[in-house]
Each structure stands twice: as structure tokens, then as C-alpha cells.
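As C-alpha cells, the structure follows; a few thoughts come after it.
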Amino acid sequence: IIGLGWFAMVIVVLSGIVGRYLYTRLPRGRKGLALGLEEAEGERMKLLVELANITGLEREVVGSVLSASPLPERSLGMGETLRQMVRDDWARRRAVRDLRRRWQALGEDRPPLDPRALRRLHRLARRQMALSQQVRLLDATQRLFRLWHVAHLPVALTALIAVTIHVVVV
């Protein structure tokens, strides 16, 4: 029975990593509560205005650099949703670098941003783009998270029961 418990725990750990990734892909506010579509979009627009103020770039330019790629017309399955999430993670890294390059290309006579302001710019840009991507994939992510939860819970309970039986018997 301990073999069953051990394999169930391994599956729970690996599944937990996937679950944590999915959980972080759901838009959340500062207090950690899940945001709805309207709230997330409002937060995203505030970040966009703040980024435009920091960089001095037009809001439309910042928005186009940090815009998320459109979703395919068809409904996304589980595998395609996960692939799109990973692609979005890589696209977010590239977009932040591109935003920095565009800001630097505005003029060499412009004083460079101090390191704290630059870190804040990167953090705000990543947050803005993440919100944009999360809003775009919200329905697919919620559906995938529910399926993950349905699969994860029975395996976790199996591991708990098997280990409990093992401890009681020993």
C-alpha cells in the first residue's frame, strides 16, 4: 500500500506544479481575489496609461508593443490552452525588451532611466501584458483549472489515505 501512496504523492506533486501554473494565470487583484473581465480590463488600462507616462511614448504605441496576439477563432482544447499560455510567457519577455528598445530609440539626448525606474517600468509592462493575456484566455484557463481540480483531488485523497493506512499499520 505504501507503493500506491508513493506513486500517488509523486503524481500529486507533479500535478500541483501544473495547478500552480494555472492558478497564477487567473487574473487577480492586489488583495489576491480573482478579477472579472471588466475589473481586469480596467486594471490593464490603468497600467497602460502609467506606462505611457513613464516612457513618454504614446499610449497607442505602448499598447501596440505590449498587445497580446489574437486567439484563434476555434475553441482551445486543454493542450492548446497550455501551449498558448507558454507562448504568451515568452512573448511577454520579448515585448518588454522591445518596449525598452523603443523608449531608448526616442533620442540619445534623453537621460537614461535610473535603475529603480527601469525595474518599475519592466514590472508594470509585464503586469500589463500578463493581464491582457489572462483576460484573453480567461474562459479556457478557468475550464482547464476546473478539470485539473477534478483530477487532482482524488489522487491527493488516495495518497493521504494510503499513507495514513501505512502509518497506522506500522
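The values are calculated or read from the model by the stated rules, or taken from the named source; none is laboratory data. Source: prediction; values computed, not measured. For neighbour counting, all protein chains shown are included, and Cβ atoms are generated from backbone atoms with ideal geometry for every residue, glycine included. We work out accessible area using only protein heavy atoms, side chains counted, and drop any ligands, DNA or RNA first. Shrake-Rupley method; radii C 1.70, N 1.55, O 1.52, S 1.80 Å.
For the chain, the longest principal axis of the C-alpha atoms and the axis of helix 37-55 are separated by about 40°. Rolling a 1.4 angstrom probe over the protein chains, ignoring ligands and nucleic acids, what is the accessible area of MET45 in square angstrom, nearest 10? Surface accessible to solvent at MET45 totals approximately 60 Å².
Per the Cα gyration tensor, the stretch 1-65 maps to an equivalent ellipsoid with semi-axes of 42, 13, 8 Å, ordered largest to smallest.
Suppose we flag trypsin sites (Lys or Arg not before Pro) only when DSSP calls them loop and at most 13 other Cβ atoms lie within 10 Å. Which is the longest uninterrupted stretch of the chain?
75-170
Computed over the chain, the Cα gyration tensor eigenvalues convert (square root of 5λ each) into semi-axes of 42, 18, 14 Å, ordered from largest to smallest. Summarising the amide proton neighbourhood of ARG28: residues at separation of 5 or more, or on other chains, whose placed amide H is nearer than 5 Å comprise LEU35. Assuming charge only on the beta carbon of Lys and Arg (+1) and of Asp and Glu (-1), the dipole of the chain about its Cα centre is about 400 debye to the nearest 20. Over the residues of the chain, the helix contribution to mean residue ellipticity at 222 nm works out to -27000 deg cm²/dmol, using -39500 (n - 2.57) for each DSSP H run of at least 4. Per-residue Karplus couplings for the stretch 77-90, computed as 6.51 cos²θ - 1.76 cosθ + 1.60 with θ equal to phi - 60°, are listed in order as x, 4, x, 5, 4, 5, 4, 5, 5, 5, 4, 5, 4, 5 Hz, Gly and Pro entered as x.
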